[in-house]
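Please treat every number below as a calculation from the coordinates, not as lab data. What you are looking at is a predicted structure, and each value in this text was computed from that prediction instead of being measured. Ideal geometry is used to build each Cβ from the backbone, glycine not excepted, and the neighbour counts take in all protein chains shown.
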Amino acid sequence: MGVPRRRPEGPQITDGPRPEGPTTRAPLRQPEGAATSQPLAGRTVVLGVAGGIAAYKAVDVCRRLVDAGAHVAPVLTPDAARFVGPLTFSALASEPVRTTLWDSPEPIPHTRLGQGADVVVVAPATARLLGAYAAGISDDLLTATLLATRAPVVVCPAMHTEMWEHPAVQDNLVTLRRRGVHVVGPAVGHLAGGDAGAGRLAEPADIVAAVIALVRAAGEGGARGPGGDLQGRTVLVTAGGTREAIDAVRVITNRSSGKQGYALAEEAVARGASVILVTTVDRQVPPGVAEVVRVVSAADMQAAVMPRAPQADVVLMAAAVADFRPKAPAGRKLKKEDGPPPILLEPTHDFLVDLGASKPVGQLLVGFAAETDDVVANARRKLRSKRLDLIVANDVGAPGVGFEHDTNRVTLLGGDGTESSVPLATKRDIARAVLDAVVRRLPTQGAAP
Ligand SMILES: Cc1cc2nc3c(=O)[nH]c(=O)nc-3n(C[C@H](O)[C@H](O)[C@H](O)COP(=O)(O)O)c2cc1C
């Protein structure tokens, strides 16, 4: 990571037309102003496709990458070719599909592909592909290319929920994330065979947005450039207010819009982090976020955060998690005619305490305190009792501050006793200040604990 890549001059990846081998198609003449509509113009994307049921969606990913101006070099695993015809990719991509290390017109196809790529994206990434890549096994053209590249890599896992949740698959993802691989998805939804759950391939539009964000960040010296001070780090961000069921249709919630959490996620991506966003809100996800987990209640958020937190270098708990929930939510809609129901509340489990207690050495845990009274004193109490490293306190009663606003004003309190105020600013600027404070406290990468 961070090593300058050698980029071949002239036509990328192939050596020029060959009678039976891969050829590079001449790029179409770009209309005036195409730079903005074609954010990947002049970039080479190796599109890896592994053998999962979602392989057919890679055709859409390929088309979108080409539409965004990329030179797309498709690489299918032999098993991917069982699911979707290689000819389809050859017809849509910028050069013919490759499926094998052998019999290539190029003497060493994987190094040509790996060295020439600006980004390698694998969609779908099967459990096998993730395992081989994490273990450094290069037994086909796609895995050999993954090991032969220094370009940013995006993997988009897709598989049945049982496979996705298997510890072997999750461990492989921890390994890959630690090495700076970006993981996009999977989403929750319909799966093959009439099943539903986590494991659905991320939407092709989201995959392409992530690729564009990576290329942009690299160009700005961000995600992969020398300026990315969170490069190689995993940042987990929670955003939005949780919703606690009263009955089948009604909820108790709070006014958190998720804007501050999303601004933190966006800023962390821009600084090179691999970002996991656990969110209750349906806002446009910032491009380049590696994993998005959508949740509803405090219990859902706990279930999403706890298994992911140990792999994070930084946990930013920006979500407004309910303190109370209805003790006995009705499974059906309560009828108006029956009159107002008595709603007995019970405390939710405070998993921020668990995060503080089980914090791995070197991890930075950041809490957020939305207060209307004694803001700093209350925040300092929370900082101590929950063993946080940093707390971001905001007076949500003040004008232009906190929930739903585009601006915020905060006080940062450190576990080391430090205190600094950030005056009214956009939530992105607040995010910058928070992450500056985080970076100052992070142990140097690779340092002994
Ligand atoms: C019908 C069918 C659907 C499959 N879908 C998936 C899938 O969605 N994700 C996955 O990881 N494996 C899936 N598999 C298993 C993979 O095809 C198998 O592990 C294969 O070896 C993957 O090869 P590859 O990673 O080299 O492409 C499926 C297998 C079959 C027969």
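Here is how the numbers come out for the structure above:
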{"item": "Karplus-derived 3J(HN,Hα), 6.51/-1.76/1.60, for each residue of the stretch 437-442, Hz, glycine and proline x", "result": "5, 5, 4, 4, 8, 5"}
{"item": "Expected 222 nm ellipticity per residue - DSSP helices of 4 or more, -39500 (n - 2.57), all of the chain, to 500", "result": "-9000 deg cm²/dmol"}
{"item": "Under Karplus coefficients 6.51, -1.76 and 1.60, residue-wise ³J(HN,Hα) of the stretch 112-126 in Hz, glycine/proline x", "result": "4, 5, x, 6, x, 7, 8, 8, 10, 10, 10, 8, x, 9, 6"}
{"item": "Estimated distance in nm for a label pair at Asp103 and Val361, the labels positioned 7 Å out from Cα along Cα-to-Cβ", "result": "5.3 nm"}
{"item": "Distance histogram in 5 Å bins (all Cα pairs of the stretch 226-441, percent per bin)", "result": "1, 7, 15, 19, 20, 16, 10, 5, 3, 2, 1, 0, 0"}
{"item": "Exposure proxy order (Cβ contacts within 10 Å, fewest to most) of Leu355, Leu173", "result": "Leu173, Leu355"}
{"item": "Per-pair calculated FRET efficiency, R0 = 41 Å: Ala196 and Thr372 via Cβ, rounded to 0.05", "result": "0.50"}
{"item": "Potential extension, Val249-Arg179 segment - 0.36 nm per residue separation minus Cα distance", "result": "20.9 nm"}
{"item": "Inter-label distance, nm, simple model (7 Å from Cα along the C-beta direction), Leu87/Asp338", "result": "6.2 nm"}
{"item": "Where trypsin sites (Lys or Arg not before Pro) in DSSP loops with at most 10 other Cβ within 10 Å are excluded, longest remaining stretch of the chain", "result": "30-326"}
{"item": "Three-way shape call for the chain based on the alpha-carbon gyration tensor, with the a/c threshold at 1.5", "result": "prolate"}
{"item": "Two-site FRET efficiency, Asp67 against Asp406, from Cβ-Cβ distance with R₀ of 22 Å, rounded to 0.05", "result": "0.10"}
{"item": "Integer Hz, Karplus 6.51/-1.76/1.60 couplings in order for the stretch 233-246, x for Gly and Pro", "result": "9, 9, 10, 9, 10, 10, 8, x, x, 7, 10, 10, 5, 8"}
{"item": "Within the chain, longest stretch free of exposed GluC sites (Glu not before Pro) [DSSP loop, at most 13 other beta carbons within 10 Å]", "result": "33-219"}
